[in-house]
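This report concerns only the one structure given below.
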Amino acid sequence: MLQTSVVMIATAPSQSPIAERPELPVGAVVLPASAAPKLLHQCSRVTPAPGDGSWQPDGRTIYELEDALLTFLPDQKVRWRNQMFPKDYTRQYIGYIKNGHRMIYGNFVAVTGDQLHGLPVTEPLILCDGSSDAFGVEYDVDARRVTHFALNGAI
């Protein structure tokens, strides 16, 4: 039997304005530029090409990206499981430069049970297969929009 689920999006207003939140959101980590080659080489989803340079996103910028995803994700034609974004996902980010634009690639892995038990979230997480349990986005910081979205597929 085919079942369709909807991703639940937490849309409660933030406790403080983005400008006042320099820390990273809980469950998010910005990886160093040296992690980019591995993070941008996922085994079962398309990822953007590496950029022309790197930069280190701050908490305010990550909050902006995650706020943009709250409106972007419900518009995707995806058979989601019952995850809540962002709290049910470990989120890994890298910053890079592409055609003169500051970009962020986000790697999202659903945290369910012991799935991440013992895995260091400070190292790129590569989850083969995974359906809506794992996805990636590319975000253009200067344009403030998602430019690439890919779910993990079957390997």
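The values are calculated or read from the model by the stated rules, or taken from the named source; none is laboratory data. A quick note: this is a predicted structure, and the numbers were derived from the prediction, not measured. Here Cβ is always computed from backbone atoms with ideal geometry, including for glycine, and neighbour counts include all displayed protein chains.
For Ile62, state whether it is at pLDDT 85 or above and crowded, with 17+ Cβ neighbours inside 10 Å. The answer is yes for Ile62. Scanning segment 45-64 for residues that are in contact with a Leu (Cβ under 8 Å, 6 or more places away or on another chain) and of a type in the set (Ser, Thr, Tyr) yields a single hit, Thr47.
Rundown of residues vs (1) buried (at least 20 other Cβ atoms within 10 Å of the Cβ); (2) at pLDDT 90 or above; (3) assigned to a strand (DSSP E or B); (4) not aromatic (Phe, Trp, Tyr), yes/no style:
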site: Tyr96; (1), (2), (3), (4): yes, yes, yes, no
site: Tyr105; (1), (2), (3), (4): yes, yes, yes, no
site: Thr112; (1), (2), (3), (4): no, no, no, yes
site: Gln115; (1), (2), (3), (4): no, no, no, yes
site: Glu123; (1), (2), (3), (4): no, no, no, yes
site: Ser132; (1), (2), (3), (4): no, no, no, yes
site: Tyr139; (1), (2), (3), (4): yes, yes, yes, no
site: Asp142; (1), (2), (3), (4): no, yes, no, yes
